[in-house]
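Notes follow once the structure below has been shown.
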Amino acid sequence: MSGNNFNYQPMPPSHFYTSSYSYNNNNILPSSFNNIVRPPIITPPSIEEYEKMIQERNEKLSTMVFNNTPYKNIIINHQQNKSSDQKIRIGSIIDPDIVEGREKFSIPKEWLPYLEHYKTSVAFISSDEFEKIGVNENNIENILRLMRLWDESRLTLKPEEEAQWAYKALDASSEYSPSWSPSNLTGCSNTYPKHGDFTTAWAPKDEKGKMEFVILEFKNYYKIRGIQIFETNYPGAIVTISCLPRGKDKYQQVIDGSIVGSTTFEENDSWVVLYQGNPQQREIPMNSRIFNPTLYPTNFDSKIIRLDMDTTLSNSWSEIDAVKLIGIPSTIREEEEYWVSSIVDFSSEYSGWPVTNIIGPSRVFPNYGDIREAWAPSKSRNTISLEFVILEFPQSLSAKRIDIFETFNPGSLIRIIGYSTNPKTDIYSTPYVIYSGMANPQLEKVSRINSIQVGNEFSSIPIKFLKLEIDTSGNSGFYEIDAVKLIGYSF
């Protein structure tokens, strides 16, 4: 592949609909493009390298406003510190780098009257007017970035709508190599409006003649109203856009070097088609474009998208740089669950059955018995005092349910107290009695998940610590707990 080292030499006119070269013409490529020789395929990245790549690509959205008074510099104002979880309801959605909350782009004043009359910056920089105006080669990258921001700024949202970039690549039919991985589709656009063979986009393994697909996950559920697909090399191959409804989108992903073939969906026959059309390679100019087709309306939430491409008519690799989803955010809060992350305090532990066994996911359940992977107090029957353990979880939740995995002699739990702060270090930490009951040592001798429903009166209280109080005075054997899970909603 050619990469991003431009030498700005004229291109063979046979490759483009325009007869002469201009600085983009949406085809800023080295002159060797017509004899593309891809580099050898390198070793796939490890899972650690892949996760780092995901994090680096996942840039946050922010808002931008162009102050484009004729014949003045374009000024871009940013709202800083926008979390990806915050609602972005008004204005244009873009992803600029933020430096002291403000960026300035100086463009020749004679550009503005032209730019305002073109549908996209791609059309402008592919035009005769742009070629006549001329451009400073040393500033070409800044100019192209400005053009991308200009196009993205034209996305205006209805008051109830939001937009988000792809958050995670789940699967794909193929990839040319890790340099053209589907993970390049996560985060903001960083190739458009350039048209060419760049390692910042996803490219399938075969140059043409195949049906290809890629599956992307977005962070938040939307009722989908639109999509923007940044096609940056031989556009027009997308023939189907589908989504999985909420509740039918569970999957398991196992990455072994590449995400190709890495994901199994539990309900793979539940895809809903949002768009279907014919290949367009022969009908459109071979320029980069933001493909935003009209979608079939839906009334369900979704955050997983599948794009299908037909490259039969492509002259070379059809490549995608980024995908942005537009829709109405779900009003349904996503349920979260956390295992114990640390032990704050405890009454006692039996040798070989340490209290730290409660940390993390269950390892004993559904097995029943006196098993060392669980916690057991030091006495099988304590007639003097209650046993207890204070647990910490990774994050505060509006608690909905607490699951206690009892794996030997169940029925000794009599009280659960919740705290927002550490009760051992904060003397002002307020206790909230979430559950209170009586011990029942006569329960059937089987392992069980003791699910305690948390009342609505605690919904506004962030719970991060739990104290379990245990009455073993009537037991005939050790009471043992394998794990504890906190279920609820984040604030």
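The values are calculated or read from the model by the stated rules, or taken from the named source; none is laboratory data. What you are looking at is a predicted structure, and each value in this text was computed from that prediction instead of being measured. In this analysis, Cβ positions are derived from the backbone assuming ideal geometry, glycine residues included, and neighbour counts consider all displayed protein chains.
Tell me which residues, restricted to segment 435-486, are crowded, with 18+ Cβ neighbours inside 10 Å and under 31 Å from the mean Cα position of the chain (by Cα).
Of everything in segment 435-486, those that are crowded, with 18+ Cβ neighbours inside 10 Å and under 31 Å from the mean Cα position of the chain (by Cα) turn out to be Val454, Ile461, Ile463, Lys464, Phe465, Leu466, Ala483, Val484, Lys485, Leu486.
Answer with yes or no whether Glu212 is surrounded by fewer than 20 Cβ atoms within 10 Å (Cβ to Cβ), of a type in the set (Asp, Glu), touching a residue at least 60 places away in the same chain (Cβ under 8 Å) and at negative phi. Lay out the reasoning, then the answer.
Working: surrounded by fewer than 20 Cβ atoms within 10 Å (Cβ to Cβ): no; of a type in the set (Asp, Glu): yes; touching a residue at least 60 places away in the same chain (Cβ under 8 Å): yes; at negative phi: yes.
No.
Within the bounds of segment 186-203, is there any residue that is acidic (Asp, Glu), at pLDDT below 85 and within 14 Å of Glu231 (Cα to Cα)? If you could, list the steps in order and put the result at the bottom.
From segment 186-203, those acidic (Asp, Glu) are 197; that's our starting set.
Pick out the ones that are also at pLDDT below 85 and you get none.
Scanning segment 186-203 turns up no residue that is acidic (Asp, Glu), at pLDDT below 85 and within 14 Å of Glu231 (Cα to Cα).
Restricting attention to segment 276-295, report how many residues are farther than 22 Å from Ala201 by Cα and assigned to a strand (DSSP E or B).
1
This table checks each residue for (1) surrounded by fewer than 21 Cβ atoms within 10 Å (Cβ to Cβ); (2) out of contact with any strand residue (DSSP E or B) (no Cβ under 7 Å at 6 or more places or on another chain); (3) assigned to a helix (DSSP H, G or I).
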{"position": "Ile140", "(1), (2), (3)": "yes, yes, yes"}
{"position": "Met147", "(1), (2), (3)": "no, yes, yes"}
{"position": "Pro159", "(1), (2), (3)": "yes, yes, no"}
{"position": "Glu175", "(1), (2), (3)": "no, no, no"}
{"position": "Lys194", "(1), (2), (3)": "no, no, no"}
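Determine whether Thr240 is surrounded by fewer than 20 Cβ atoms within 10 Å (Cβ to Cβ), part of a strand (DSSP E or B) and either in contact with a strand residue (DSSP E or B) (Cβ under 6 Å, 6 or more places away or on another chain) or among the basic types (Lys, Arg) (or both).
For Thr240, the condition - surrounded by fewer than 20 Cβ atoms within 10 Å (Cβ to Cβ), part of a strand (DSSP E or B) and either in contact with a strand residue (DSSP E or B) (Cβ under 6 Å, 6 or more places away or on another chain) or among the basic types (Lys, Arg) (or both) - is met.
Go over the candidates Phe230, Phe218 one by one and state the one that is buried (at least 21 other Cβ atoms within 10 Å of the Cβ), closer than 26 Å to Tyr118 by Cα, among the aromatic types (Phe, Trp, Tyr) and within 18 Å of the chain's Cα centre (by Cα).
On the way: Phe218 fails: closer than 26 Å to Tyr118 by Cα.
Testing whether each residue is buried (at least 21 other Cβ atoms within 10 Å of the Cβ), closer than 26 Å to Tyr118 by Cα, among the aromatic types (Phe, Trp, Tyr) and within 18 Å of the chain's Cα centre (by Cα) leaves just Phe230.
For segment 241-256, name all the residues that are of a type in the set (S, T, N, Q) and more than 15 Å from Pro297 (Cα to Cα).
Those that are of a type in the set (S, T, N, Q) and more than 15 Å from Pro297 (Cα to Cα): Gln252, Gln253.
Look at Ile417 and say whether it is closer than 18 Å to Asn475 by Cβ and within 35 Å of the chain's Cα centre (by Cα).
No: the conditions fail for Ile417.
Which is surrounded by 20 or more Cβ atoms within 10 Å (Cβ to Cβ) and either among the charged types (D, E, K, R) or on the phi < 0 side of the Ramachandran plot (or both), of Ser316, Ser380, Ser385, Ser362?
So the residue among Ser316, Ser380, Ser385, Ser362 that is surrounded by 20 or more Cβ atoms within 10 Å (Cβ to Cβ) and either among the charged types (D, E, K, R) or on the phi < 0 side of the Ramachandran plot (or both) is Ser362.
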